[in-house]
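Notes for the one structure printed next.
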Amino acid sequence: MNKKSLLQKAVAAPHVMWAVLFIIAPLFFVVYYAFTDKDGNFTFDNIAELAQASYLEIFLRSLCFAFLATVICLIIAYPIAYFMTKASPKTQKILIMLVMLPQWLNFLIRTYSWMALLEDTGIINNLITAVGLDPVHMINTSGAVILGMVYNYLPYMIIPLHSVMSKIDSRLLEAASDLGCSHFKVITRVVFPLSMAGIISGVTMVFVPSISTFYISQKLGGGNFDLIGDTIERQFQTAYNYNLGASMSFVLMIIIMISMAVMSKYSGEDDGGVIV
Amino acid sequence: MKKTRNIYTALVFIFLYMPIFVLILYSFNSSNSTSTFEGFSLKWYRELFSDSATLDALKNTLILAILSALISTVIGTMAAYGINKMQNKYVKGSVMSVTKIPMMNPEIVTGISMMLLFVFVGVMLGGKSSLGFGTVLIAHVTFNLPYVILSVMPKFKQMDKSLPEAALDLGCTPIQSFFKVELPQILPGIISGLIMAFTLSLDDFVISYFTIGSGFETLPIRIYSMTKKRVTPDMYALSTLIFVSILILLLVSNLVSDKNKEKMSKQAKKITKIVLSSVFAVIAVITLIVFIASAGKETVTVNVYNWGEYISDGSEDTYNTNLEFEKYYEEKLKAQGKDVDVRVNYTTYASNEDLYAKLKSGAGGYDIIIPSDYMIERLKADGLIQQLDLSKIPNFDNIEEQFRNPFYDKDPNEKYTVMYTYGVIGIIYNKDKLAPADLEKIENGEAGWELLWDEKYKGQILQFNNARDAFGTAMYALGIDVNNATDEDWQNAYNKLLMQKPLVQSYVMDEIYNKMESGEATLAAYYAGDCLSMIANNESLGFFYPKNENGEYVTNIFADAMCIPKDAQNVEHAYEYINFMLSPEAARANAEYIYYASPNSVVINNEDYIDYLGEDYDLIYDPDFNNLITANGEEITYIEYMFNTYAYRDLSDESRAKLNSLWEGLKVDSASFGSGIYIICAVILVLLIGFIVYKYIERRRHRRLYWNNAAQPKVVVSRNDFNSTAMYDAVKAELEATKENEKK
């Protein structure tokens, strides 16, 4: 019996080996490169370099952009996820499908399409000037970058929110209003606490890609707002400075770990919430 | 209420679909603009099906997605089975948390961590090219695994444990019991894991971007290199097709599953079974076809790594250099009795530094690269390119005498390069947007670099997005020698660029095409050939070479040359390709397409070519360049003098480090950035913290009031108290919910 159960567990061995080779070992190399110089000697210089004001500002800026994008996503997604639960099951299914459908198109091309919309001589401004108003400068601003993040990651907020909300027992809502809650209070006191798991998982799914993106800021920010992702990408693809890039990734990983820890403190359940 | 609800929903969906509408609309545009609609046409759909590179990329993407999905599904299902059987909580927990790492980590970190592993292993194995199809496949399987495991695991958990036991009791072997009893139950989980893995892999850009090597391009990577320049609407056409087919697929599957529910469950099961097995069958057939197709004929692949838009590529009925080479070489090999397919694998980079980083990262395996002068010196010094055997390139004789042994490759007996083109950096401007005074200056030949520092054009200036060229512009403007700059010179150039930063709209490489042609930007320094290409697309653009006060050209002159890397896989074919590029037809077609100066005598003396260029001929081959001047007591042509004086030379390690750190400093400096965003962030954060604190206090008070006081309100709910069972259930649920909340 013991032998058999061992054999059964051994079925997981390829995966465990794979994980050691291609998940743990690569992370070890990030740490290794982060704390060595070009000749492979141990050093703290790479990390120390990040303490410069300009790098600190990049970190702060990325945090801020990602935070704002997440908040905006939450504000937009919450009502729509709630409204979606009110529809008939069939409509709900179609709505969810419609929310996910844009994700099937490559995000690079969708972002590029936003560029065509936002440029000074772009589609929106052409429409505005055709109506006779002054064109609005939108591209290459921080707003455009945040818009790109919100656009690309909004579905990752809507879906988990919706799936949690649709599981809320509708009798609870009825009970709350029977017991004298106003419509608004039902939402704040019943729906909101019960949808916390969805909020947490949505926030994670928007915040993590937002803080590490490098394409959106390059295209919609015109390279004027370097984010962490841009800086890391540059070290690997152009500047050929793996050590600095690795140390930056290391710090990014720590930032994300901290934010996850903070969030999971409020999530209660630790099951990773909902996977789309 | 319902109305506002609907309006709100509609608004969000408009937001989600706006760029997609744009994309669909412009896929039918008759011009190649992505911002002005000039008429309906199906031209881009036709282009798409003749664009072999895009179709190849699509095929590669599908192969990669299918393979990685299948591998990760097999490993993942096994893993889910094994993990489920694990009894030790800690072992199980740690395996699960390691599994989830690729899901939790930002994609860029996963990408670079794998790249570092591969590069390190490559170095350990002796510096051989380590990135390639295998590495992307490994990377894709790695990030697919957690999704597969997490969708299969619950099925194992839900499964009745006594079922396999019963099967065993009834005489099944464990393997039989797995396939006959357990597998059918977990099949839905496996299928959804497979589909998820497939989609994730299909759409992945970031991780592929860092782990991909030469000779293999996926669709997202191709789109990325396209968006660096300009996305041709055939990519829009492809996206439209993908979008429409997925829409149809989803609608059909929705309809089918809706019908299923109405019918008997047995029948439903049957249908799902059929659907599932047909999905499997389709996937299997596709894989089979792909394998057969790739195994059919022996294929000779030539991997070419070139600058973006640097070859006549057959777009809009031009000469397709790579296709013509394939045809030519196939015939030649056939004459030698070898019946093979020749395929040019053509990928592009945006700057010399990108090329260097790519080669250094072990993504070797390129057969031809086309770097510039100073980078050639560096590659030579690093031993990354090999000496050429000129007897294998008979067309080398077509190269003009003065371009055979340029400064970066002086020794006639030891050739490493064959010059492809040369050119001068000039300034491109939009006539409609420039002040008349400045226009006049340009016409009189008095305009210089200072135009790029003119406050009038704030937000309309583009600057190079590569260190060497950007610092070059500042150094030429300041009259600094670009090759012998002192520390002070570097600092001055840096300050000059810092001064320019608030005026700069963005730092670009090939993105300049779109921005100048659409009128989005007014002024930029760029390579002459590209500038003339842009002018050909938009007549309101003009171009000049900057001069100093003495009326001398002070600007960079560069040469790009074909080289064969040390670790090239197909050296013979590489020679063949270089020779082909120098042949009259190909050389002329390329020169006409890219508007760079050709060092090829059969091109520059060709009457048709001179006619074709018209006025541009004098701009490209400035008559002044042929003037003889005396420098250091030697009589040389003006162009040779320019090469000796203004071309970039490879820098010393210290200067390069200096340049890189200053460039990094410039890029991360953000003087133009307002503080508004920070303030908003801070306000929201304060509100959020306030809210959490308030909730906490409220909960504490609540708890003190109700739970800490001895008499806990004991609510007994009896069915008799209520008129309806629904109400009874509701109140009961409410009570349970509050209790649960309190527990938290």
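No lab work stands behind these numbers, since they all come straight from the coordinates. This one's a predicted model, so the numbers in the text were calculated from it and none came from an experiment. Reconstructed Cβ throughout: ideal geometry from the backbone, glycine too, with neighbour counts over all protein chains shown.
At-a-glance table
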{"quantity": "Label zone at B:Gln402, where the point sits 7 Å out along the Cα-to-Cβ direction: segment B:540-558 residues whose backbone N lies under 16 Å", "calculated": "B:553, B:557-558"}
{"quantity": "Residue order, fewest to most surrounding Cβ atoms within 10 angstrom, among A:Cys64, A:Cys73", "calculated": "A:Cys64, A:Cys73"}
{"quantity": "Other-chain or far-sequence residues with amide H under 5 Å of B:Val504's (modelled H)", "calculated": "B:Gly459"}
{"quantity": "Whole-angstrom gap from segment B:342-380 to segment B:304-335, using each part's C-alpha centre", "calculated": "19 Å"}
{"quantity": "Spatial separation of Cα centroids for segment B:422-484 and segment B:556-612, in angstrom", "calculated": "29 Å"}
{"quantity": "Gain on full stretching of the segment that runs from B:Leu11 to B:Asp411 - 0.36 nm per residue minus C-alpha separation", "calculated": "137.2 nm"}
{"quantity": "Added length on full extension, which subtracts the Cα-Cα distance from 0.36 nm per residue, B:Trp453 to B:Lys360", "calculated": "29.9 nm"}
{"quantity": "Full-extension gain in nm, B:Asn444 to B:Tyr696, via 0.36 nm per residue minus C-alpha separation", "calculated": "83.3 nm"}
{"quantity": "Given B:Lys431/B:Lys547; B:Lys89/B:Lys161; B:Lys228/B:Lys433; B:Lys547/B:Lys658, the pairs whose alpha carbons are separated by over 23 Å", "calculated": "B:Lys228/B:Lys433; B:Lys547/B:Lys658"}
{"quantity": "Relative contact order (%) - criterion: Cα under 8 Å, at least six apart; region: chain A", "calculated": "26 percent"}
{"quantity": "From the C-alpha gyration tensor of segment A:60-181, square roots of 5λ in Å", "calculated": "35, 17, 16"}
{"quantity": "Computed over chain B: relative contact order in percent, which uses C-alpha pairs under 8 Å that are six or more apart", "calculated": "13 percent"}
{"quantity": "Angle between chain B longest axis and helix B:321-335 axis [Cα atoms, degrees, rounded to 10]", "calculated": "80 degrees"}
{"quantity": "Rough spin-label spacing in nm, given labels placed 7 Å along Cα→Cβ, for B:Ser50 and A:Ile75", "calculated": "5.1 nm"}
{"quantity": "Total charge dipole magnitude, chain B, about the Cα centre, Cβ charges on Lys, Arg, Asp, Glu only, Debye to nearest 20", "calculated": "7380 debye"}
{"quantity": "Inter-site label distance for B:Lys433 and B:Lys180 at 7 Å from Cα along Cβ, in nm", "calculated": "7.5 nm"}
{"quantity": "Value of relative contact order over segment A:93-192, rounded to a whole percent, pairs C-alpha under 8 Å and six or more apart", "calculated": "21 percent"}
{"quantity": "In segment B:588-686, the GluC sites (Glu not before Pro) that fall in loop regions by DSSP, at most 16 other Cβ within 10 Å", "calculated": "B:Glu615"}
{"quantity": "Kirkwood-Stokes translational diffusion coefficient of the protein assembly as shown, alpha-carbon pairs, 10 °C, 1.306 mPa s, µm²/s", "calculated": "50 µm²/s"}
{"quantity": "Mean residue ellipticity (222 nm) of the protein assembly as shown, computed from DSSP H runs ≥ 4 via -39,500 (n - 2.57), nearest 500", "calculated": "-19500 deg cm²/dmol"}
{"quantity": "Antiparallel content of DSSP bridges confined to the protein assembly as shown, in %, to 5", "calculated": "60 percent"}
{"quantity": "Cβ-based exposure ranking for A:His15, B:His573, in which fewest neighbours within 10 Å come first", "calculated": "B:His573, A:His15"}
{"quantity": "Given charges at Cβ of Lys, Arg, Asp, Glu: segment B:47-115 dipole, positive-most of B:Ser97, B:Ile63, B:Ser50", "calculated": "B:Ser97"}
{"quantity": "Residues B:His140, A:His137, A:His183, sorted so that the one with the fewest Cβ neighbours within 10 Å comes first", "calculated": "A:His183, A:His137, B:His140"}
{"quantity": "On Cα atoms only, tilt of B:528-537 relative to the major axis of chain B in degrees", "calculated": "70 degrees"}
{"quantity": "Dipole in debye (nearest 20) - the protein assembly as shown, about Cα centre, beta carbon charges: Lys, Arg +1; Asp, Glu -1", "calculated": "8720 debye"}
{"quantity": "Rounded to 10°, Cα long-axis angle of helix B:467-478 versus longest principal axis of chain B", "calculated": "40 degrees"}
{"quantity": "Lys/Arg +1, Asp/Glu -1 at C-beta; the protein assembly as shown dipole; positive extreme among A:Asn152, A:Val191, A:Ser163", "calculated": "A:Val191"}
